[in-house]
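The values are calculated or read from the model by the stated rules, or taken from the named source; none is laboratory data. From a predicted model like this one, the values you see are computed outputs, not experimental measurements. Positions of Cβ are generated from backbone atoms using ideal geometry, with glycine treated the same way; all protein chains shown enter the neighbour counts. Just so you know, the surface numbers come from the protein's heavy atoms only, side chains and all, with ligands and any DNA or RNA stripped out. Shrake-Rupley method; radii C 1.70, N 1.55, O 1.52, S 1.80 Å.
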Amino acid sequence: MFFVSHTSTYLLFLFSDNVLIGDSYNHRIRKISAPTSVISTIAGTGANSFSGDNGAATSASICNPVGVAVDVSGKQYSLLDYAVLIRSTDESLRICIGNVYIADQGNQRIRKVTASNGVISTIAGTGAAGYSGDNGQATSANIKNPHGVNLDSAGNLYFGDYNGFNIIRKITVSTGIITTVAGIGSTSGGYNSDGIQATAAMLNYPADVILDSFGNLYITDRFNYRVRKVDVSTGIITTVIGTGAASSAGDGSASTAAAINGPNYSRFDSAGNYYITECEGHRVRKVITVTTDIPTAAPSVQPTHFPSLSPHSISVISTVAGTGTASFSGDNGQATSADINYPHGIDIDSSGNVYFNDAGNNRLRKITAATGIITTFAGTGSASYSGDGGAASSASLYYPIGLCIDSSGISSPSFSSCCVLQLNGPFLRQCLHR
């Protein structure tokens, strides 16, 4: 939804929460448009193969897409999904989805759908499964089983080499050069130590990598049963969640003292709270920082990002969805009493509502922030493909994995949460405030 307030120079644009899903076993990227909740396919034909580079994404074949991210209007944001082009001659708007980045796992590639023309191309990988090419062009490098993809504020792309060489790799947007930023390249995976350089540390099925507002990396190290942080200033890796035990014990305690069973995908909300899908634990968990600056006072909740904690601060973990039983139940009730089944991609909208792919139930589910109530947002539970052009809740998904949501969802003017755009000639020139 958008609101326009303009003179000859300025225009106020308010973004909406739209959803992109990596519908993995349907071999498609699907979009749920706000505010209509209509679902459509934006990449993939459903064929489990590779084809279509340099042509329309909707005519291309992709294979098991497991990660998706979006940029906007030349400046990259992994949680937004609109780019705006403004034709000042008639002051009309054309709204299109931003450039889309796909972890095309079965094709051993990272692919990009360009917003302006809908054309798909390969930006990393040759199609051969392997580990090669560091410090060279990403398109000449071999990658294996790319998983979660995310972008930093400069538009550099990060992804996990999930069950191949157990590494995190980075593509620098300005050069196209690929490098390894975490992991040693071991095919067996494992855990050796914390407090060392990330490139000397072993990982074990790194499923996802995201960045906080400071540029630190957070890696869901799935079968080390940990979430690990790479400090942007030092390159040192540490564990911020998990003990290494395959368990869901420890709610209400410090995140480093709690167990986590198969951390999979993760996101920060706008307040800095951290959410993780716990795949083998069949739960969604959340970490906040509780500060007791005055020992006699009640704890107060603070934004997290796992800072260096004071003696009276602690990062506390809790469960926000799931009972630990791999099943389907609980819609229209409290999320903590609902059963979920192998949760994967997760994201948070501008109102703090949590969305996650309940992959084993072939659904996208939503936890409403104000009430804690869980509902099905997309999918009927049938493991099939149907529903494009209709309501997402009536469509079929087949093991949805990757998930990306835009970050604003504004329905009325607000200068604290909008974008004021300056017009200078036929196209958008400058984003003055967001």
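Quick notes on this structure:
- Amide H to amide H, with H built 1.01 Å from N, Gly136 comes under 5 Å of Ile178, counting only residues 5 or more places away or on other chains.
- Amide H contacts of Gly155: Gln76, each under 5 Å away and 5 or more positions distant or on a separate chain (H built 1.01 Å from N in the peptide plane; Pro and chain starts excluded).
- Accessible area (Å², per residue) of segment 120-245, counting only protein heavy atoms and a probe of 1.4 Å: 33
- Note, ³J(HN,Hα) from phi for segment 55-70, Karplus 6.51, -1.76, 1.60, rounded to Hz, x at Gly and Pro: x, 4, 4, 6, 9, 9, 9, 10, 10, 6, x, 10, x, 8, 9, 9
- Cut-off 15 Å between beta-carbons: net charge of the residues surrounding Ala257, Lys and Arg +1, Asp and Glu -1: 0
- Across segment 203-209, rounded Karplus estimates of 3J(HN,Hα) from the backbone phi angles (6.51 cos²θ - 1.76 cosθ + 1.60, θ = phi - 60°) give 10, 9, 6, x, 7, 8, 9 Hz, Gly and Pro being marked x.
- Each residue of segment 166-183 is assigned a 3J(HN,Hα), and the resulting list reads 6, 9, 10, 10, 10, 10, 7, 5, 6, 10, x, 7, 9, 9, 9, 10, 7, x Hz, derived from the Karplus form 6.51 cos²θ - 1.76 cosθ + 1.60 (θ = phi - 60°), x at Gly and Pro.
- Pairs beyond 22 Å (Cα-Cα), from Lys229/Lys286; Lys170/Lys229; Lys112/Lys170; Lys31/Lys229; Lys31/Lys366; Lys31/Lys286: Lys31/Lys229; Lys31/Lys286
- Each of the peptides 169-175, 260-266, 343-349 was scored by the mean count of other Cβ atoms within 10 Å over its residues; in descending order, highest first, they stand as 260-266, 343-349, 169-175.
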